[in-house]
Amino acid sequence: MSVDHIDEAGRGEGETVTAAAAATADLRYYSVAPGVRLNVRRGPGTQYSIVRVLPEGAKVPIFCQTPGTAVTGPYGTSNIWDNIDDGQFVSDAYVLTGTDGYVASRCG
C-alpha cells in the first residue's frame, strides 16, 4: 500500500486504528508504592494465588479495574483491584493513581 499522507499518530490516509491499538496508545503506567515488593495475584483478592512478585520501583499499566477484597496499604484502604496483565491483579491500595476511585474502565 502506498501512503501519501501520514498523520500525527503515524497513520496513513485511510488507515484505521483497532480498538486494541487505541487502548494501548492511551495506556498509562502507575508507580507501585516506594520500597514495596508487590504480590501479583490470579484474581482480585487476597484469596487468589500469587503468580509473581513485582520488584521495588515497579511501574504497572492498568488495563481495567474491578472490586474485590479490601486491602489497606500505603495509599489507604481500597477494594479496587488493578488488572495489570492478562488476568493478573494487584491491590490499588499499593498503586499511586492519584485518586481513591477508578482510573480505568471496569473489567468485563
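Could you please let me know if THR46 is out of contact with any helix residue (DSSP H, G or I) (no Cβ under 9 Å at 6 or more places or on another chain), within 11 Å of PHE89 (Cβ to Cβ), surrounded by 17 or more Cβ atoms within 10 Å (Cβ to Cβ) and not hydrophobic (A, V, I, L, M, F, W, C)? I'd like the intermediate steps shown before the answer.
Details: out of contact with any helix residue (DSSP H, G or I) (no Cβ under 9 Å at 6 or more places or on another chain): yes; within 11 Å of PHE89 (Cβ to Cβ): yes; surrounded by 17 or more Cβ atoms within 10 Å (Cβ to Cβ): no; not hydrophobic (A, V, I, L, M, F, W, C): yes.
Considered against the rule, which asks whether it is out of contact with any helix residue (DSSP H, G or I) (no Cβ under 9 Å at 6 or more places or on another chain), within 11 Å of PHE89 (Cβ to Cβ), surrounded by 17 or more Cβ atoms within 10 Å (Cβ to Cβ) and not hydrophobic (A, V, I, L, M, F, W, C), THR46 comes out as no.
Considering only the range 95-106, how many residues are crowded, with 16+ Cβ neighbours inside 10 Å and not in a strand (DSSP E or B)? Write out each step before concluding.
Residues of the range 95-106 crowded, with 16+ Cβ neighbours inside 10 Å: 95, 97, 102, 104.
Now narrow it down to the ones that are not in a strand (DSSP E or B): 97, 102, 104.
Result for the range 95-106: 3.
Any chance the range 44-59 includes a residue that's under 21 Å from ARG106 (Cβ atoms), of a type in the set (Lys, Arg) and modelled with pLDDT of 95 or more?
Initially, the range 44-59 is screened for residues under 21 Å from ARG106 (Cβ atoms), giving 44-48.
From what's left, of a type in the set (Lys, Arg): none.
Scanning the range 44-59 turns up no residue that is under 21 Å from ARG106 (Cβ atoms), of a type in the set (Lys, Arg) and modelled with pLDDT of 95 or more.
Within the range 56-94, which residues are assigned to a strand (DSSP E or B), out of contact with any Leu (no Cβ under 8 Å at 6 or more places or on another chain) and over 14 Å from GLY43 (Cβ atoms)?
Correct list: LYS59, ALA70, THR72, GLY73, GLY76, THR77, SER78.
Among the numbered criteria (1) in contact with a strand residue (DSSP E or B) (Cβ under 8 Å, 6 or more places away or on another chain); (2) at pLDDT 95 or above, which single criterion is violated by HIS5?
(2)
The values are calculated or read from the model by the stated rules, or taken from the named source; none is laboratory data. From a predicted model like this one, the values you see are computed outputs, not experimental measurements. We place every Cβ from the backbone using ideal geometry, glycine too, and count neighbours over all the protein chains shown.
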